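To start, the structure under review is shown below, and the notes come after it.
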4 protein chains.
Amino acid sequence: MDIAFLGLGGMGTAMARNLVEHGHTVVAWNRSPEPAKALSALGVGIGETPAETVKHCEIAITMLADDGAVEAVSLGENGIIAGLAKGATHISMSTISVALSERLAEAHAGQSQNYATAPVFGRPDAAEAGKLFIAVAGEAGVVEKIRPALEAMGQRIFIMGEKPSQANLVKLTGNFLITGVIESLAEAFALTTKGGIETAKVYELLTETLFAAPVYKTYGSIIRDGSFSPPGFKLLLGLKDNRLLQQAGEKLETPLPFAAIIRDRFLAALAHGDGDLDWSAIAKRAVDDAGL
Amino acid sequence: MDIAFLGLGGMGTAMARNLVEHGHTVVAWNRSPEPAKALSALGVGIGETPAETVKHCEIAITMLADDGAVEAVSLGENGIIAGLAKGATHISMSTISVALSERLAEAHAGQSQNYATAPVFGRPDAAEAGKLFIAVAGEAGVVEKIRPALEAMGQRIFIMGEKPSQANLVKLTGNFLITGVIESLAEAFALTTKGGIETAKVYELLTETLFAAPVYKTYGSIIRDGSFSPPGFKLLLGLKDNRLLQQAGEKLETPLPFAAIIRDRFLAALAHGDGDLDWSAIAKRAVDDAGL
Amino acid sequence: MDIAFLGLGGMGTAMARNLVEHGHTVVAWNRSPEPAKALSALGVGIGETPAETVKHCEIAITMLADDGAVEAVSLGENGIIAGLAKGATHISMSTISVALSERLAEAHAGQSQNYATAPVFGRPDAAEAGKLFIAVAGEAGVVEKIRPALEAMGQRIFIMGEKPSQANLVKLTGNFLITGVIESLAEAFALTTKGGIETAKVYELLTETLFAAPVYKTYGSIIRDGSFSPPGFKLLLGLKDNRLLQQAGEKLETPLPFAAIIRDRFLAALAHGDGDLDWSAIAKRAVDDAGL
Amino acid sequence: MDIAFLGLGGMGTAMARNLVEHGHTVVAWNRSPEPAKALSALGVGIGETPAETVKHCEIAITMLADDGAVEAVSLGENGIIAGLAKGATHISMSTISVALSERLAEAHAGQSQNYATAPVFGRPDAAEAGKLFIAVAGEAGVVEKIRPALEAMGQRIFIMGEKPSQANLVKLTGNFLITGVIESLAEAFALTTKGGIETAKVYELLTETLFAAPVYKTYGSIIRDGSFSPPGFKLLLGLKDNRLLQQAGEKLETPLPFAAIIRDRFLAALAHGDGDLDWSAIAKRAVDDAGL
């Protein structure tokens, strides 16, 4: 398929590369041009503006930093909306707000363009290996059309519903659950440490029995070792996703008490200068509260 | 080995049976005599009082309902302390408080008896299959002595430390982490339900990707289906363990904000008449808060 | 002084009337014209647009519903910024966000106009009696200039600082403290009610001893009597102010755990259809949690 | 009346003195004898044991440190129960648990003795001036009998109900509300401080308007000035009362989310070595969370 890929950060570059390797024709755009040039050796074309980049493509994928970037690239001057052909599909793969996703759905519908969302679970190494998990939402016919592109990037696709913003909500919910694991482990380790027990032993017991899941292993070992830098996912971005979750919670009139505690952990972490560490560094707050 | 087993509930009966099947000689005691009689066909002896039951044994195991029962059976008239031989070992396998465990450690030391703790993770089916996970704490020499007995009941033994109450603390911490999963999932499902997404789809995405752990599968499916009855572990007992955890947290001067939220969920669940449901029925509170 | 008054809700109308009664010349503007006409009998002029209304005034006061209204009236086409004379002062008296207040400060500075903030504490009856408490922030010279106008509306003026948004932050903080009182009393009454004690007795004890403050009397009696309708201040507006508070908390990297609990109370109240009741109706949540 | 007074701390000594000054005949007992001797100049008799002290009195008042002390003095060997005449009344004025109060009620009833509770609100200076506020609970006839004694110690008596433990519950609830004020102010001041506003200005605005109550003035000024030492009421005792409140909440199946947050503040304060400061020193936690 002819695919435009907008947003070449660590994740996006790996995903675009997988599209090429699966035989798709890719034209890329990035705010700063260097990452696109790095892909040109693979035969990837380089677009000048988002509108120009997506013009002849069946699919335009955005994988950008945040709401602001997606809004500018999609709805701004020379944006995707302005350039995408009728009947072509914008797949929004970034972690964005439910509210922006609903605005995009409406804007694309107004131009007879398709819109689907496909946020991903997985760190950069999973992106490189094409092993992402992808939550998809959109009209069934649209999802079927874009499936080959998604399968080039992910090991498995989960369909959440027909309304595009539903996959955004699920993505934010998944990130919320990860922060729940981080805070739970932080409190647990603070308590057992004060009880004189080596964290390594508690970690081993937990992650080899009931909690034998990737998320406990990944974050349990980071917290155990205090290896919050370099960050896999920055704390500041974690706060952003928590904010988007709570905005969705407000719109849907759903209290989320765990999310509220985690928000305060993020703020206290920022106040202590930890914004550039891995988001699991909120674990330092439980340790600090316990006077350790 | 000659082993006394005190406390023949669903878990205890299965564990005693496994001891017999591994060639140990077991004499059993239970407050009501019926469960002990049911084991006599296997060649299990029946004791009259705890003291008399443990008299000629190298090991006395308690697997009782709560602190009150363990205190009465251990420290009461005709209790284990009164009957156990010098050099023999009491293994406390119940989920009890750190404080009681410390009292028992002191009491046994005063009688030149050994004391170790070995609380278990696993539901009755795991107990029957001898597949429990066992957290052990006690002096290294004592733990080595009792290892054959533990290996007859569990698939794996995790040594937490030399101070017996440390395994009790880890057990309470493990149960806390389970309740953290329950509350996290409850909030997540409440939110996605209000967003119009089928819980079954969210469940599948989570439990087949980052959260592919037994605890998410078990409780996620119970919450998804609302199958809180019959209970695997009663809500009232869940509140009890939360209370013991928070008492330990107070003693160790460690704030546990997630545990505090879960406590309030337990109380609200009781106030709504759900005390006899499975402890995961605290999930109904998040649903109720969201007006569903 | 020549004063433009923009925003004639219940509060604004009473405040404008007090300005007239203190001898000021007032020209008014409101989105819908009726409330302005009602004031014309007092000699109040009526403006066509915000810009035109403020044109010949030394002071322009905004007392509008929310950020959106203040933004439109101030920064929009034919807004205050466009019409206000150099050296004249815009006093923002609405409860608005710190962020918008900072934008307004910058915009006015760019036009050589003055900007001060003067949010008020008090319900409509206090506004009518000219008995509001007013928190003021702005450059000292500007505050002195506008003092006569403020004194016509309030019984006392409290100067918070030289940066206009500081009074907005204090106003949001004051509203937060009120919600803290509401939630505290709600929990207290739920507990004593379950203990079989009449709420009227607890109310009397509290409000005639340590808690003998207007805020405890006002909200304690509303909660005691369940008289949440008609609302003195709508629950939906309470949620809005909580949101603005938390946005300020995020910007200032300050965790506010009580505010987080109150936010969830607001959301649960909305989910139960109580958005149009008085904001103290969040007290129904504590009652509901206790199964009453 | 003939009154036995047991427990001569700072509060008890002042209260006993007021009884004497109102013409009552007082015999006193204290665990350490010195404080009783200091009262003998006023004509106060000194008892050897609680039982002997109360033997010829119509009223026995306990004003002791905690549940343990009240239990020992009341139910222990040579305790009040053992010595009090049939028809005489034990007034428990300490802050004790609802559960112990219920045990005392039962024990006294079994001996045909009366039992009432009368916990007090007020610091030592109010006790000396006879200006305490007293919450009373007990059978109406009993309360009438003891009224003259109570009026000698307090400026006002509030009757809570016929069940003695109800006044204990109200006392714990009152202390909970005070901690709610402390935490609210702590969060408020942390936020406004980060917003660059002097706390003294915020304090003045609040305590001279909506929050013009003794409790806001007292604790607001302590927090503003950081004058947590010497303590008016020790943080460790504050934690104890919070624990008793939450035990009551558990028994009455009432979630208390604000109380839960305050509990964690107490624990974090202990972990930071602040147990001997005034209980309002939990305010340091909000400050610390904000990175100040």
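Taking the mean number of other Cβ atoms within 10 Å as a proxy for protection, how do you rank A:32-39, D:123-130 from highest to lowest?
By packing density, highest mean first, the sequence is D:123-130, A:32-39.
At a Förster distance of 56 Å, what's the computed FRET efficiency of D:S221 paired with B:A85, Cβ-Cβ distance as r, to 0.05? Walk me through the numbers on the way to the answer.
On the way: r = 65 Å, r/R0 = 1.16.
Efficiency computed from Cβ-Cβ geometry: 0.30.
What residue of chain C has the nearest C-beta to the axis that moves C onto D, and what is that distance in Å, given as a whole number?
Nearest to the symmetry axis by Cβ: C:A213, 2.
Looking at chain C, send over the antiparallel percent of its DSSP beta bridges, to the nearest 5.
Percentage antiparallel, nearest 5: 15.
For segment C:169-289, what does the convex hull of the Cα positions come to per residue, in cubic angstrom?
102 Å³
Placing +1 at every Lys and Arg Cβ and -1 at every Asp and Glu Cβ, with all other atoms neutral, what dipole size does segment C:2-162 have around its Cα centre, in debye to the nearest 20?
Computed about the Cα centre, the dipole is about 280 debye.
What average count of beta carbons from other chains do you get within 10 Å of the Cβ of residues in B:214-222?
Working: counts 5, 7, 6, 1, 1, 0, 0, 0, 0.
Shielding by partners across B:214-222 averages 2.
Report, as an integer, the average count of C-beta atoms from other chains found within 10 Å of each Cβ along D:153-160.
3
First check a/c for the protein assembly as shown, with a ≥ b ≥ c the square roots of the eigenvalues of its C-alpha gyration tensor; if it is under 1.5, answer rounded, and if not, answer prolate when a/b is larger than b/c or oblate otherwise.
oblate
Nearest 100 Å² is fine: what is the total accessible surface buried where chains B and A meet, probe 1.4 Å?
Values: alone 13670 and 13640 Å², together 22110 Å².
For chain B against chain A, roughly 5200 Å² becomes buried.
Between C:A41, C:A190, C:A167, find the one with the highest GNM mean-square fluctuation for chain C; connect C-alpha pairs within less than 10 Å.
Result for chain C, Cα springs under 10 Å: C:A41 fluctuates most.
Per-residue counts of other Cβ atoms within 10 Å, averaged by peptide: what ranking do you get for C:10-20, B:197-207, highest first?
C:10-20, B:197-207
Relative to the Cα centre, what is the charge dipole magnitude of segment A:205-256, using +1 at the beta carbon of each Lys and Arg, -1 at the beta carbon of each Asp and Glu, and rounding to the nearest 20 debye?
160 debye
What does the helix-only formula give at 222 nm for the protein assembly as shown: each DSSP H stretch with n ≥ 4 adding -39500 (n - 2.57), the total divided by the residues, and the result rounded to the nearest 500 deg cm²/dmol?
Mean residue ellipticity, 222 nm, calculated: -16500 deg cm²/dmol.
With the other protein chains left in place, how much accessible area per residue, in square angstrom, belongs to the protein assembly as shown at a 1.4 angstrom probe? Walk me through the intermediate numbers first.
Details: 40550 Å² over 1168 residues.
Per-residue accessible area for the protein assembly as shown comes out at 35 Å².
Of C:K201/D:K86; B:K171/B:K234; D:K86/D:K145; C:K145/C:K251; A:K201/B:K171; A:K131/A:K217, which ones are farther than 20 Å apart at the Cα?
Exceeds cut-off: C:K201/D:K86; C:K145/C:K251.
Out of the DSSP beta bridges found with both residues in the protein assembly as shown, what percent are antiparallel (nearest 5)? Numbers along the way, then the final one.
Working: 16 of 116 bridges.
About 15 percent, rounded to the nearest 5.
Take the alpha carbon gyration tensor of segment C:2-162, find the square roots of its eigenvalues, order them as a ≥ b ≥ c, and report rounded if a/c is under 1.5; if not, report prolate when a/b exceeds b/c, else oblate.
Note, shape of segment C:2-162 comes out rounded.
May I ask for the net charge around D:V27, where only other residues with Cβ less than 10 Å from the Cβ of D:V27 are counted and Lys, Arg are +1 while Asp, Glu are -1?
-1
Which percent, nearest 5, of DSSP beta bridges in segment B:2-162 are antiparallel?
Expressed as a percentage, antiparallel bridges in segment B:2-162 total about 10.
Just to be sure I understand the model, the point goes 7 Å from the Cα along the line to the Cβ. What's the resulting D:D276 to B:E208 distance in nm?
6.2 nm
If I take R0 = 22 Å and measure r between the Cβ atoms of A:R156 and A:F233 in this structure, what FRET efficiency does the formula 1/(1 + (r/R0)^6) give, to the nearest 0.05? Don't skip to the end; give the middle numbers.
Working: r = 21 Å, r/R0 = 0.95.
It comes out at approximately 0.60.
Hey, any idea what % of chain B's accessible area is carbon plus sulfur with a 1.4 Å probe? If you can, show how the numbers build up before the last one.
Working: 5210 of 10140 Å².
Result for chain B: 51 percent of the exposed heavy-atom area is carbon or sulfur.
GNM, chain C, Cα, under 10 Å: largest mean-square fluctuation among C:G23, C:G138, C:G87?
The residue that fluctuates most here is C:G23.
Whole-Å semi-axes of chain D's equivalent ellipsoid, largest first, each the root of 5 times a Cα gyration tensor eigenvalue?
Square roots of five times the eigenvalues give 37, 20, 17 Å.
For chain A, list the DSSP H helices whose alpha carbon atoms reach 27 Å or more along the long axis and whose average Kyte-Doolittle value is 0.0 or above?
Working: long enough: A:165-194 (44 Å, 0.62).
In chain A, the long hydrophobic H runs are A:165-194.
Roughly how big is chain C's charge dipole about its Cα centre, with Cβ charges of +1 (Lys, Arg) and -1 (Asp, Glu), in debye to the nearest 20?
Values: 25 positive and 33 negative charges, 40 e Å.
Value, rounded to 20: 200 debye.
What number comes out for the charge environment of C:T207, summing +1 per Lys or Arg and -1 per Asp or Glu over other residues with Cβ under 14 Å away?
Value of the local net charge: +1.
The values are calculated or read from the model by the stated rules, or taken from the named source; none is laboratory data. As the structure is a computational prediction, the values presented were derived from the model and not from experiment. A quick note on method: Cβ atoms are made from the backbone with ideal geometry, for glycine too, and the neighbour counts reach across all protein chains shown. The accessibility values were calculated without ligands, DNA or RNA, using every heavy atom of the protein model including side chains. Shrake-Rupley method; radii C 1.70, N 1.55, O 1.52, S 1.80 Å.
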